[in-house]
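Here is the structure we will look at.
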Amino acid sequence: MAASCRLKPLSRVAVCGGTHGNEMSGIYLAKHWLRDPMELQRGSFAVKPFLGNPRAIEKRVRYVGQDLNRTFTTEFLSSAEAEDEPYEVVLAREINQTYGPKGSAQAFDFMFDLHNTTASMGTCLIVDSEESLLPMHMCHYIQMHYTRSPCPVYLYKLPGEETYSINSVAKAGLALELGPQPQQVVRADLFTQMKDLIACALDFIELFNKGTVFPAFEIEAYKITGRMDYPCYPDGEISAMVHLKLQDKDFLPLNPRDPIFQTFSGEEILYEGNTTIYPAFINEAAYYEKKMAFAKMEKHTFSIPGLQRE
Amino acid sequence: NCSLPVFKAPVRRVAIFGGTHGNELSGVFLVKHWQENGDEIQRTGLEVRPFITNPRAVKKCTRYIDCDLNRVFDPDNLGRQITEDIPYEVRRAQEINHVFGPKNSNDAYDIIFDLHNTTSNMGGTLILENSRNNFTIQMFHYIKNALAPECCPVFLIEHPNLKYATTRSIAKHPVGVEVGPQPQGVLRADILDKMRKIIKHGLDFVHIFNKGTEFPPCTIEIYKIMEKVDYPRNKNGEITAVIHPSLQDQDWQPLNNGEPIFLTIDGETINYEGDCTVYPTFVNEAAYYEKKQAFVKTVKVKLTAKGIRSSLS
């Protein structure tokens, strides 16, 4: 068996709530931790909670000018200041200053990003790719120790694509995506689940920093391959809804010729792909403006090498 | 002699409103579909007009632009002089009142079905504005029977202070249709289907009534609004507790003294303190955080309607 990979211990960790101003679990939690940071503290590292998009939070909207969670690309981060830039571009540069710079040695070691979805994704863990060793070990640890519900792992980066999310500013990151929850609503059950998941993840970091050896393992994860858009009328309005049989079936297999949409006249539209895929973000409110009905994923089993601190 | 039916003129003009709140999508998409293909909503001898009430809010997929359209159909706002800075929804209310009203006149539409969604677990709820409107109570009795064994709660919002001036209130017989749970900005096939069935049965009732069927006196169980309950707040006005997991999704279920209603962020439970069993509704409705409403208390009441029969048969 190969020796464990060794990584530096983590010393600076950030937790972000309200990257989207209407995803309430993270906003309430971040505000709570800003008032009372004790719950977040462990012995061997510092945890800094913060609110991602204050203006969007105040207005209880996803974003004011553009989606903050798509703004952490080189294009936006290194653009020169201009008069009428979207609020989120200015904000992204500030966040990059405080928690980055992205890609540099000064960047925070880890960032958690707290999200909700209107889709039935349960307690989903989002990592950029299976090659991110520390986050993958963290997911495995969470799956072993948080047993109230399954925690599917979602790998969001398409091959060749640049990372764009807020937690890509740090050296490593994990997003929690909990649903279903309507925008602007706080459900006590999801709020509690998210709190407990973060506690579990911070326990992992503490164990890692203290020298625990985490052996190699195999893990099932869902890797994004593309998206399925809504059928639309010529004027751009959607012409069909997510089918009754697909609604709420995130992470369950979708086979060729399974129904995916139903029109307002009652016709069914079937999935025309050749292979079984696994949908997620089924009927997410925020994706209507992109006309995206769900994300398409493949299920893989990855072998992850062992890990311990340097 | 109380066994004689009340004779009522046949119904001629019905409207179906969608998009009173632009992010409550079932009504938006049903109305848009019916505007393209209205076969399903037609009944002989009856004009049924589907209509989008707040098109600018619909376009932005937001509840409202300047103010809540479903609160401005009061005499003051309807009679207000139009100036440059009048809120969009007040101007729109006056336009709607002109086309489908005027409110309280003989020219007003007979029935308006106003289609809404809620993030609360209210199922398919019918909203009644007036406890003495025999025709509407008879319609609700008909719809409830048609949907049975599926539940169809009836919510009476008649109250000296809490009643609000709805878009549908300009009609002689306003009917609120509130279906949930559905997030704002989301279109669920099951929720749309439920709303569609309610409208179908409502229109069937009108058609059957117009043909001369006598509807004998009937009694229905309804939930009457008593009081709004706000979230606990600190001295800065910030919410300090959320709906308790035991109350979440329990719209229309009995709530007794001593039972949990809120959970603070630190994990403490706050219990309901009251003399009688109440039936909460609009539990954790997204749009009501700004209206300072965590849930609404109702009590169960029996309402009786006189028999009715169309007068042209």
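A few notes on this one:
- The residues on offer are B:Pro160, B:Pro149, B:Pro183, and the sole one that is in a loop (DSSP other than H, G, I, E, B), over 20 Å from B:Thr298 (Cβ atoms) and more than 14 Å from chain A (Cβ to nearest Cβ) is B:Pro149.
- B:Asp190 passes every criterion in (1) over 30 Å from A:Lys290 (Cα atoms); (2) within 8 Å of another protein chain (Cβ to nearest Cβ) apart from (1).
- Residue count, the range A:246-296 (criterion: on the phi > 0 side of the Ramachandran plot and away from chain B (no Cβ under 14 Å)): 2
- When A:Leu178 is tested against (1) hydrophobic (A, V, I, L, M, F, W, C); (2) outside any strand (DSSP E or B); (3) surrounded by 14 or more Cβ atoms within 10 Å (Cβ to Cβ), only condition (2) is not met.
- Residues in the range B:7-27 that are of a type in the set (A, V, I, L, M, F, W, C) and at the interface with another protein chain (Cβ under 10 Å from one of its Cβ atoms): B:Leu25 only.
- Output for the range B:253-267, where each listed residue is out of contact with any strand residue (DSSP E or B) (no Cβ under 8 Å at 6 or more places or on another chain) and within 14 Å of another protein chain (Cβ to nearest Cβ): B:Asp266, B:Gly267
- The lone exception for A:Val61 - which of (1) assigned to a loop (DSSP other than H, G, I, E, B); (2) surrounded by fewer than 24 Cβ atoms within 10 Å (Cβ to Cβ); (3) touching a helix residue (DSSP H, G or I) at 6+ places or on another chain (Cβ under 6 Å) it fails: (3)
- Counted residues, the range A:41-57 - those being outside any loop (DSSP other than H, G, I, E, B) and within 17 Å of A:Ile95 (Cβ to Cβ): 9
- Put simply, of B:Ile96, B:Ile112 the only residue that is outside any loop (DSSP other than H, G, I, E, B), in contact with a Pro (Cβ under 9 Å, 6 or more places away or on another chain) and aliphatic (A, V, I, L, M) is B:Ile112.
- Residue within the range A:75-97 that is in contact (Cβ under 8 Å) with a residue 24 or more places away in the chain, part of a helix (DSSP H, G or I) and of a type in the set (S, T, N, Q) present: yes
- Some residue of the range B:53-70 being under 18 Å from B:Val14 (Cα atoms) and at pLDDT 95 or above: yes
- Residue check, B:Ile270 buried (at least 20 other Cβ atoms within 10 Å of the Cβ) and either more than 11 Å from chain A (Cβ to nearest Cβ) or of a type outside the set (Ser, Thr, Tyr) (or both): no
- Among the residues of the range A:206-245, the one identified as touching a Leu at 6+ places or on another chain (Cβ under 7 Å) and within 14 Å of chain B (Cβ to nearest Cβ) is A:Met241.
- A single entry from B:Gln250, B:Gln293 fulfils the requirement of being within 17 Å of the chain's Cα centre (by Cα), within 30 Å of A:Ala30 (Cβ to Cβ) and assigned to a loop (DSSP other than H, G, I, E, B): B:Gln293.
- Filtered by the rule that a residue be within 30 Å of B:Gln184 (Cα to Cα), out of contact with any strand residue (DSSP E or B) (no Cβ under 8 Å at 6 or more places or on another chain), touching a residue at least 12 places away in the same chain (Cβ under 8 Å) and not in a loop (DSSP other than H, G, I, E, B), the range A:185-217 gives A:Lys195, A:Asp196.
- In a residue-by-residue description of the range B:198-209, the property of being in contact (Cβ under 8 Å) with a residue 60 or more places away in the chain and within 14 Å of chain A (Cβ to nearest Cβ) applies to at least one position.
The values are calculated or read from the model by the stated rules, or taken from the named source; none is laboratory data. Just so it is clear, the model here is predicted, and its values are computed rather than measured. Using ideal geometry, Cβ is built from the backbone for each residue, glycine included, and neighbour counts are taken over all protein chains shown.
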